[in-house]
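Okay, so here's the structure we're looking at.
The values are calculated or read from the model by the stated rules, or taken from the named source; none is laboratory data. Values in this document were obtained by computation on a predicted structure and should not be read as measured data. Neighbour counts run over all protein chains shown; Cβ positions are idealised from the backbone, glycine included.
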Amino acid sequence: KQEVTQIPAALSVPEGENLVLNCSFTDSAIYNLQWFRQDPGKGLTSLLLIQSSQREQTSGRLNASLDKSSGRSTLYIAASQPGDSATYLCAISLKYNFNKFYFGSGTKLNVKP
Amino acid sequence: DTGVSQDPRHKITKRGQNVTFRCDPISEHNRLYWYRQTLGQGPEFLTYFQNEAQLEKSRLLSDRFSAERPKGSFSTLEIQRTEQGDSAMYLCASSWEDRAYGYTFGSGTRLTVV
């Protein structure tokens with residue numbers, strides 16, 4: 001069974017700080033990896049999508065990396081803002097069954113003004 | 001296109017009642033997925049459709065759950081004889097046939113069984 005783990009479960013930082021969220025997975029045969037943001041009681045908003053052939057993707061203050069060999073992905077957030085406060089979820093799909101995503105439990109981020 | 005739409009946003013029902021949720025995917029997407037998310041956990045896969053065909057169902061989808069996508073457009077998820085353990089957020093997502101583009105999720109339906 002594919003396991004996706006996100007560490008830490010919760011993180012509180014002061015505004016302006018750069019931070020890294022971690023995601024690890026047990027099966028290296030990934031098809032792609034997607035990072036999502038979820039605000040309380042809301043659905044998921046896609047942030048970045050990394051194909052298995054890629055090492056990283058960037059969008060604005062966000063940068064996501066993928067290391068298949070070590071089974072890890074990181075989401076880097078530069079110059080954090082209070083509006084970044086949310087839960088961040090990573091999800092992977094596998095090459096031999098890419099019809100579903102396996103999600104981690106998320107990292108709940110609080111950026112203090 | 002306004003993205004993936006789900007209706008209702010919230011549903012409170014008494015144990016034993018039947019409930020039905022609706023999902024309208026992005027119109028160009030031929031794949032549609034249902035996930036369930038309980039408090040503090042990541043979403044878990046329930047089922048997916050390609051056009052009108054339901055191609056995979058999770059073991060989480062007990063006999064009380066049924067999903068349809070009659071014309072390959074919108075989809076419904078019905079839960080019969082609801083139980084308190086069914087309380088969760090039910091999320092719908094859609095994608096192109098080429099999953100390299102990832103998923104787009106709706107805002108979800110929050111079900112509370114009392």
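Looking only at the stretch A:71-95, which residues are over 18 Å from A:SER46 (Cα atoms) and either β-branched (Val, Ile, Thr) or in contact with a Ser or Thr (Cβ under 8 Å, 6 or more places away or on another chain) (or both)?
The answer is A:GLY71, A:ARG72, A:LYS95.
Are any residues in the stretch B:1-60 in a strand (DSSP E or B) and among the acidic types (Asp, Glu), and if so, which ones?
Listed by number, the residues that qualify are B:ASP7, B:ASP24, B:GLU44, B:GLU56.
Just to be sure before I move on: is B:GLN37 buried (at least 16 other Cβ atoms within 10 Å of the Cβ), within 19 Å of A:ILE92 (Cβ to Cβ) and in contact (Cβ under 8 Å) with a residue 12 or more places away in the chain in the structure I sent?
Against the criterion (buried (at least 16 other Cβ atoms within 10 Å of the Cβ), within 19 Å of A:ILE92 (Cβ to Cβ) and in contact (Cβ under 8 Å) with a residue 12 or more places away in the chain), B:GLN37 qualifies.
I'm told B:GLY40 meets every condition in (1) of a type outside the set (Asp, Glu); (2) on the phi > 0 side of the Ramachandran plot; (3) more than 11 Å from chain A (Cβ to nearest Cβ) except one. Can you identify the failing condition by its number?
Going through the list (1) of a type outside the set (Asp, Glu); (2) on the phi > 0 side of the Ramachandran plot; (3) more than 11 Å from chain A (Cβ to nearest Cβ), B:GLY40 breaks only (3).
I need the strands (runs of 3 or more DSSP E) fully contained in the stretch A:69-113, keeping only those with at least 2 residues that are within 24 Å of A:ASN18 (Cβ to Cβ).
Where strands (runs of 3 or more DSSP E) fall fully within the stretch A:69-113 and carry at least 2 residues being within 24 Å of A:ASN18 (Cβ to Cβ), they are A:72-77, A:86-94, A:107-112.
Out of A:VAL20, A:VAL4, report the one residue that is of a type in the set (Val, Ile, Thr), in contact (Cβ under 8 Å) with a residue 40 or more places away in the chain and within 11 Å of another protein chain (Cβ to nearest Cβ).
A:VAL4
Can you tell me which residue within the stretch A:23-56, out of those that are without any contact (Cβ under 8 Å) to a residue 24 or more places away in the chain, of a type outside the set (A, V, I, L, M) and outside any loop (DSSP other than H, G, I, E, B), is farthest from A:ASP84 (Cα to Cα)?
Top of the filtered list is A:GLN51.
Please name all residue pairs, on different chains or six or more residues apart, with Cβ atoms under 6 Å, provided the first residue is in the stretch A:81-99 and is of a type in the set (Lys, Arg) and the second residue is assigned to a strand (DSSP E or B).
Qualifying pairs under 6 Å: A:LYS95/A:TYR31.
I'd like the full set of residues that are within 11 Å of chain B (Cβ to nearest Cβ), surrounded by fewer than 20 Cβ atoms within 10 Å (Cβ to Cβ) and either at pLDDT below 95 or at positive phi (or both), limited to the stretch A:96-113.
Result: A:ASN97, A:PHE98, A:ASN99.
Do you know which of the residues in the stretch B:74-97 that are surrounded by 14 or more Cβ atoms within 10 Å (Cβ to Cβ) and either over 16 Å from the mean Cα position of the chain (by Cα) or among the acidic types (Asp, Glu) (or both) is nearest to B:PHE21 (Cα to Cα)?
The residue in question is B:ASP86.
Which residues, taken from the stretch B:98-111, are in contact (Cβ under 8 Å) with a residue 24 or more places away in the chain and either more than 18 Å from B:CYS23 (Cα to Cα) or away from chain A (no Cβ under 14 Å) (or both)?
Once the filter is applied, which keeps residues that are in contact (Cβ under 8 Å) with a residue 24 or more places away in the chain and either more than 18 Å from B:CYS23 (Cα to Cα) or away from chain A (no Cβ under 14 Å) (or both), the stretch B:98-111 yields only B:ARG99.
For A:SER65, are the conditions met, namely being over 14 Å from A:LEU33 (Cβ atoms), out of contact with any helix residue (DSSP H, G or I) (no Cβ under 9 Å at 6 or more places or on another chain) and modelled with pLDDT of 95 or more?
no
State which residue is farthest from B:TYR90 (Cα to Cα) when the search covers only the stretch B:61-78 and only residues that are of a type outside the set (Ser, Thr, Tyr) and assigned to a loop (DSSP other than H, G, I, E, B).
B:LYS71
Run down A:GLN54, A:GLN81 and say which single residue is surrounded by fewer than 18 Cβ atoms within 10 Å (Cβ to Cβ), farther than 20 Å from B:CYS92 by Cα, modelled with pLDDT of 95 or more and not charged (D, E, K, R).
Just one listed residue meets the conditions, A:GLN81.
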